[in-house]
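Peer 1: Let me begin by handing over the structure; questions about it come next.
The values are calculated or read from the model by the stated rules, or taken from the named source; none is laboratory data. Source: prediction; values computed, not measured. Please note: Cβ atoms are built from the backbone with ideal geometry, for glycine as well, and neighbour counts cover all protein chains shown.
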Amino acid sequence: MIRTAMVGLGKMGLSHLAIARAHPDIDLVAGCDATAYLTDILTKHAGLKCYADFDRMLAEEQLDALIVATPSKLHAGMVEKALNKGLHVFCEKPFVLDVDDGSRLVALAESKQLVNQVGYHYRFVGAFKEAARVVKSGALGTVHHVRAEAYGPVVLRQKGGTWRSAKNEGGGALYDYACHAIDLVNFIAGVPSSVGGVVRHGVFSRDVDDEVYGSFYYPNGASGQLCVNWSDESFRKMSTKISVWGTNGRLTADRQECQVYLREPHAGMPGADKGWTVRYTTDLSDEVWFYLRGEEYSAQVDYFAQSIKAKRTDGENTFRSALDADRVVAMILADDAGAGAGTGSAAVGGVATQQTPPKGFFARLRA
């Protein structure tokens, strides 16, 4: 059994707690949270040994792994302490709020050969996995544009807010919603080299953005768009969608289905004719032993457990891949602050890359 502890027992923490306690290979031995009322209830009614002090829990418990589900600003410090104790770590998204912290933690986890994973659960949704497979197969031809969207009803009136709407803690819609969309872009279409044209608005929030828009650019001239709004009450809950255009067709994927249009049949989609093919998440998802909120939440925890058992340190959603999303967020912040001056010159490592497609690019696409 994998002796595991949790720190952060709020909304996502309680979900992870329920899933981990139901997992046949995980022994959830302790939890940690600063809210005494919550830990008292869990101790009394769920039999969970709880701590108010994170360092004390690490010192007193004999652990193999840690699940981190605290406010984002606490991730880096807690993850570092866990890695230095030799623990495998699952950390909720976003990974870190500072890419320098992320780079240091990636190096630390890899040097110690510890399993590390970040909770970008959309990579475990069947329709999004199918979208990534189709793009990788080459069925769409040369990809020239990608669009990621995320909408939902989180902040719908002016109010003081929670840690998620505090600039130095959660980071607003950029870190809470946009990072999911960014990670899907990285997963399905590849990591953009630079961003531009960033627009961030605080619709109701005082300290952070409620909507984020921007453009992505790739070295080969391909482009992308990001559209995020967590103050949209026309959606009952978070809705995330990604669309990809290529020289041989396009696809659109969301939580429910993956729709693919092919100009011509391709070996990457055997049995698919010219035109539309629709595959549903229900047909693309494996059954899980425990269902809570969606198969993907259980699937990612199981993946973490199986990675520990197999000593797999280079699997899905590693710290390294999550840091790619954090770097794109950093580029968005830099462009919004004026580094790009509206020209899309905010880039990885501070090096601006060409934003206009190379001469003859679209002519080659039409050929």
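Peer 1: Return the residue satisfying two criteria in turn: it lies in the range 260-299 and is at pLDDT 95 or above and of a type in the set (Phe, Trp, Tyr), and of such residues it is nearest to residue 16 (Cα to Cα).
Peer 2: 297
Peer 1: Just name the residue that is surrounded by the fewest Cβ atoms within 10 Å (Cβ to Cβ) out of those in the range 290-319 that are among the hydrophobic types (A, V, I, L, M, F, W, C) and over 16 Å from the mean Cα position of the chain (by Cα).
Peer 2: The selected residue is 310.
Peer 1: Filter the range 260-283 down to the residues that are surrounded by fewer than 18 Cβ atoms within 10 Å (Cβ to Cβ) and within 22 Å of the chain's Cα centre (by Cα), then identify the one that is farthest from residue 64 (Cα to Cα).
Peer 2: 280
Peer 1: Checking residue 3 against (1) surrounded by 17 or more Cβ atoms within 10 Å (Cβ to Cβ); (2) assigned to a strand (DSSP E or B); (3) touching a residue at least 60 places away in the same chain (Cβ under 8 Å), which single condition isn't satisfied?
Peer 2: (1)
Peer 1: Which number in (1) farther than 12 Å from residue 328 by Cα; (2) among the β-branched types (Val, Ile, Thr); (3) part of a loop (DSSP other than H, G, I, E, B); (4) modelled with pLDDT of 90 or more marks the one condition that residue 208 misses?
Peer 2: Unmet condition: (4).
Peer 1: If I ask for residues that are assigned to a helix (DSSP H, G or I) and closer than 19 Å to residue 302 by Cα, which ones from the range 6-34 would you list?
Peer 2: 12, 13, 14, 15, 16, 17, 18, 19, 20, 21, 22
Peer 1: Of the numbered conditions (1) at pLDDT 95 or above; (2) basic (Lys, Arg); (3) surrounded by fewer than 13 Cβ atoms within 10 Å (Cβ to Cβ), residue 366 fails exactly one; give the number of that condition.
Peer 2: Unmet condition: (1).
Peer 1: Turning to a different aspect of this structure: Just to check your reading of the model, which residue among 204, 187 is over 21 Å from residue 125 (Cβ atoms), in contact with a Lys or Arg (Cβ under 8 Å, 6 or more places away or on another chain) and of a type in the set (Phe, Trp, Tyr)?
Peer 2: 204
Peer 1: Then there's this: Checking the structure you have, find out if any residue of the range 296-316 is part of a loop (DSSP other than H, G, I, E, B), more than 22 Å from residue 115 (Cβ to Cβ) and among the acidic types (Asp, Glu).
Peer 2: No, the range 296-316 has no match at all.
Peer 1: Okay, moving on. What is the number of the single condition among (1) modelled with pLDDT of 95 or more; (2) within 19 Å of residue 92 (Cα to Cα) that residue 42 does not meet?
Peer 2: (2)
Peer 1: Which one of 9, 28 is surrounded by 19 or more Cβ atoms within 10 Å (Cβ to Cβ) and in contact with a Lys or Arg (Cβ under 7 Å, 6 or more places away or on another chain)?
Peer 2: None of the others qualify; the one that does is 28.
For every residue, the table says whether it meets (1) under 16 Å from residue 333 (Cα atoms); (2) under 17 Å from the mean Cα position of the chain (by Cα); (3) surrounded by fewer than 24 Cβ atoms within 10 Å (Cβ to Cβ); (4) at pLDDT 95 or above.
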residue	(1), (2), (3), (4)
116	no, yes, no, yes
123	no, yes, yes, yes
129	no, yes, yes, yes
137	no, no, yes, yes
168	yes, no, yes, no
186	no, yes, yes, yes
194	yes, no, no, yes
199	yes, no, yes, yes
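Peer 1: Taking the condition at pLDDT 95 or above, farther than 15 Å from residue 129 by Cβ and acidic (Asp, Glu), does residue 257 pass?
Peer 2: No: the conditions fail for residue 257.
Peer 1: Would you tally the residues in the range 139-153 being surrounded by 23 or more Cβ atoms within 10 Å (Cβ to Cβ) and not in a strand (DSSP E or B)?
Peer 2: 2
Peer 1: Same structure, new question: Please state which of the following conditions residue 248 fails to meet, knowing it meets all the rest: (1) in contact with a helix residue (DSSP H, G or I) (Cβ under 9 Å, 6 or more places away or on another chain); (2) at pLDDT 95 or above.
Peer 2: Here residue 248 meets the rest and fails (1).
Peer 1: Another one. Got a number for residues in the range 35-54 being β-branched (Val, Ile, Thr) and outside any helix (DSSP H, G or I)?
Peer 2: 1
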